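Below: one structure, written as structure tokens.
The values are calculated or read from the model by the stated rules, or taken from the named source; none is laboratory data. Everything numeric here is computed off the predicted structure, so don't read it as measured data. Note: ideal-geometry Cβ built from the backbone for every residue, glycine included; neighbour counts use all protein chains shown.
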Amino acid sequence: MRAAAGVRVVGHGDRRRRALGRRVLWGGGELLVTAGLVLLLLVAHQMWWTNREARRGAERAVAALERQWEQEGERERGEGTAAGPGSDPSGGAVTAPGTDPATGADPARPRTSPASPPRRSRAYAVLGIPRLGLRVPVAEGVDRAEVLNKGYAGHYPGTQQPGQAGNFALAGHRNTHGEPFRYLPRLRRGDSVVVETRSATYTYGVDRVLPRTTARDVGVVRPVPRSLVRPGYGYDEPGHYLTLTTCTPEFTSRYRLVVWAKLVAVRPA
């Protein structure tokens, strides 16, 4: 039968195509919503969950170190080592001639850390920055999975240890995984950075800040630190330095922010 003039006949094929188009659009919309939710979950995981877990793990590591040091100290006192040569039988610290009684050491001749090297990826010291309310473990190495992603500060292999002449250099995350170095830009000249070890507590004073350099600027962690990219930043004389490095700007890893500090006091354990 022929359709009347002016009347459009819609066939079954047209309806099927329209229904298919609606299904495709609906399915595409569902995929976009699902992808958005997955992306939000990934962001939440990176920005919240990794921070939460890393901070908890770092706190436990600090507490474990403190317990270990206390137990070792009690064992030594029980064995009478505190009354050995050069010690005060009453258990008080004895300072060598010419030292500052307030710090227990001569800043010009700082006491060095134990000679035995720390085990790789193991926490062996505690880094504290009072201005930032920060207190995190220091572990040997800068491996992401084994050190930095745990919320630790990582010690650059080949650089000096706390209190030693040269450069004690550390790295830490600025964002995610505990982000211990997120607020390094807030540090000012003269701020204290404290490093606790089994043998002593070392206090450094913030001295200089390099706002930005490349990730390959190895000069900043040399024994006498000086930027190879921006030579106006750094030092010319040997000393007892502490270097803190982290990524900049936030949420990127393109450049490095560097904070330098100098040793000002040593307090034996």
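Worth a mention:
- Flag for L244 being assigned to a strand (DSSP E or B), at pLDDT 95 or above and farther than 21 Å from V62 by Cβ: no
- Which listed residue, of Y183, Y233, Y202, Y241, is under 23 Å from V266 (Cβ atoms) and out of contact with any Phe, Trp or Tyr (no Cβ under 7 Å at 6 or more places or on another chain): Y202
- Of all residues in the range 226-240, none are at pLDDT 95 or above, buried (at least 20 other Cβ atoms within 10 Å of the Cβ) and among the charged types (D, E, K, R).
- The range 235-269, residues that are free of Cβ contacts under 8 Å to residues at least 40 places away in the same chain and more than 23 Å from the chain's Cα centre (by Cα): Y235, D236, E237
- Check on R189, farther than 20 Å from E250 by Cβ, among the charged types (D, E, K, R) and modelled with pLDDT of 95 or more: yes
- Filter result (buried (at least 18 other Cβ atoms within 10 Å of the Cβ), touching a Pro at 6+ places or on another chain (Cβ under 6 Å) and part of a strand (DSSP E or B)) within the range 189-199: V195
- V220 crowded, with 17+ Cβ neighbours inside 10 Å, closer than 15 Å to P162 by Cα and at pLDDT 95 or above: no
- Looking across the range 193-234, the residues that are in contact (Cβ under 8 Å) with a residue 40 or more places away in the chain, charged (D, E, K, R) and farther than 22 Å from R174 by Cβ come down to E196, R198, R222.
- Residue check, A153 within 15 Å of A58 (Cα to Cα) and either of a type in the set (S, T, N, Q) or over 10 Å from the mean Cα position of the chain (by Cα) (or both): no
- Number of the exception - D236 against (1) over 16 Å from A165 (Cβ atoms); (2) in a loop (DSSP other than H, G, I, E, B): (1)
- T214 being in contact with a strand residue (DSSP E or B) (Cβ under 6 Å, 6 or more places away or on another chain) and of a type in the set (S, T, N, Q): no
- Complete set of residues in the range 200-233 that are within 22 Å of S253 (Cβ to Cβ), in contact with a helix residue (DSSP H, G or I) (Cβ under 9 Å, 6 or more places away or on another chain), not in a loop (DSSP other than H, G, I, E, B) and not hydrophobic (A, V, I, L, M, F, W, C): P211, T213
- Contacts under 9 angstrom Cβ, first residue in the range 63-87 being in a helix (DSSP H, G or I) and hydroxyl-bearing (S, T, Y), partner surrounded by 12 or more Cβ atoms within 10 Å (Cβ to Cβ) and at pLDDT below 70, 6 or more apart: T81/S87
- Checked against (1) touching an Asp or Glu at 6+ places or on another chain (Cβ under 7 Å); (2) at pLDDT below 95, H177 passes all but condition (1).
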